[in-house]
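The values are calculated or read from the model by the stated rules, or taken from the named source; none is laboratory data. This one's a predicted model, so the numbers in the text were calculated from it and none came from an experiment. We place every Cβ from the backbone using ideal geometry, glycine too, and count neighbours over all the protein chains shown.
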Amino acid sequence: MKIIDFHTHVFPDNIAERAISVLTENAHGVKPYTNGTVSSLRASMKTAGISASVLLPIATKVTQVAVINALCKSQISDDCIPFGTLHPDTKNIAEELSVLKTSGIKGIKLHPEYQDFYIDNKKHFPIYEALSAEGFITVFHTGKDPGPFSCDHALPYAVKTVFENFPKLKMVAAHLGGWKLWKEVEEQIIDMPVYFDTSSVRKFLPDVDFLRMIRKHGTDRILFGTDSPWYAQDEDIKWLDSLDMTSTEKEKIFYGNAENLLEFVS
């Protein structure tokens, strides 16, 4: 079966070791399964039987945006699908999105904890307006984070606020709508027409709760994701494949929904 991992991270070879070291120091015991390079991700994909991975970069400074987006253009391949990045303080939003769109990049990643912004703050609405108008997929880190953050920048109610103001935004709320806030996810956003991914869920949410949530939300809106390098791609595949789901449900989650969202031709 084809598999698309919709949530992975890589770093340029010359900074990968340092980046992984710093992130590991701040992650309270979370250890990487690859060294953070594209080549190590490809090795992991080969072992796991993954057809393609979506790469999600994060600009922690405004000055990094153009540099990261230029790198994303060079990473496009059959098995790597890079998204671009914006910073909440980006001024030339239209210009950056034009560059990405011309390059064939279909989405961006926003990490409200690392980028230190509240997703429902109206000052950031022009970003969502531009992303929505241009048809970009927008992956938000949502919920808590193992890093040294306040972990209140992308709570479920804030996800709801963004959706209600931008219902045409192709929105992915990572970590099943809000990492370690799944009670609030069920209470507030479980059936909204936004996508959830499965990254960083396996070790923290009982299977019975996971299955209940994805069926309440709709398996048409669930994307397989691992958060590599922080979780093992092959282990996440074995876990998801072992759950009591139909073959149709598994096909949707492993690749069908991702293909539809990315507008792939099967």
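Here are the numbers for this structure:
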| item | result |
| --- | --- |
| Number of the condition not met by Lys46 [criteria: (1) touching a residue at least 60 places away in the same chain (Cβ under 8 Å); (2) over 18 Å from Glu113 (Cα atoms); (3) surrounded by fewer than 18 Cβ atoms within 10 Å (Cβ to Cβ)] | (1) |
| Any pair with Cβ under 6 angstrom, 6 or more apart, that starts in the stretch 129-149 at a residue that is closer than 13 Å to Leu86 by Cα and ends at one that is charged (D, E, K, R) and not in a helix (DSSP H, G or I) | Ile137/Lys106; Ile137/Lys170; Val139/Lys109 |
| Some residue of the stretch 88-107 being in contact (Cβ under 8 Å) with a residue 60 or more places away in the chain, in contact with a Pro (Cβ under 7 Å, 6 or more places away or on another chain) and part of a loop (DSSP other than H, G, I, E, B) | no |
| Filter result for Ala16 (farther than 27 Å from Ile237 by Cα, at pLDDT below 95 and either basic (Lys, Arg) or not in a loop (DSSP other than H, G, I, E, B) (or both)) | no |
| Some residue of the stretch 114-122 being buried (at least 18 other Cβ atoms within 10 Å of the Cβ), touching a Gly at 6+ places or on another chain (Cβ under 9 Å) and among the β-branched types (Val, Ile, Thr) | no |
| Residues of the stretch 120-155 satisfying the condition of being in a loop (DSSP other than H, G, I, E, B) and more than 15 Å from the chain's Cα centre (by Cα) | Asp120, Asn121, Gly135, Pro146, Gly147, Pro148, Phe149, Ser150, Cys151, Asp152, His153, Leu155 |
| When residues of the stretch 237-252 are limited to those that are free of Cβ contacts under 8 Å to residues at least 60 places away in the same chain, surrounded by 18 or more Cβ atoms within 10 Å (Cβ to Cβ) and of a type outside the set (A, V, I, L, M, F, W, C), the one farthest from Gly49 (Cα to Cα) | Glu249 |
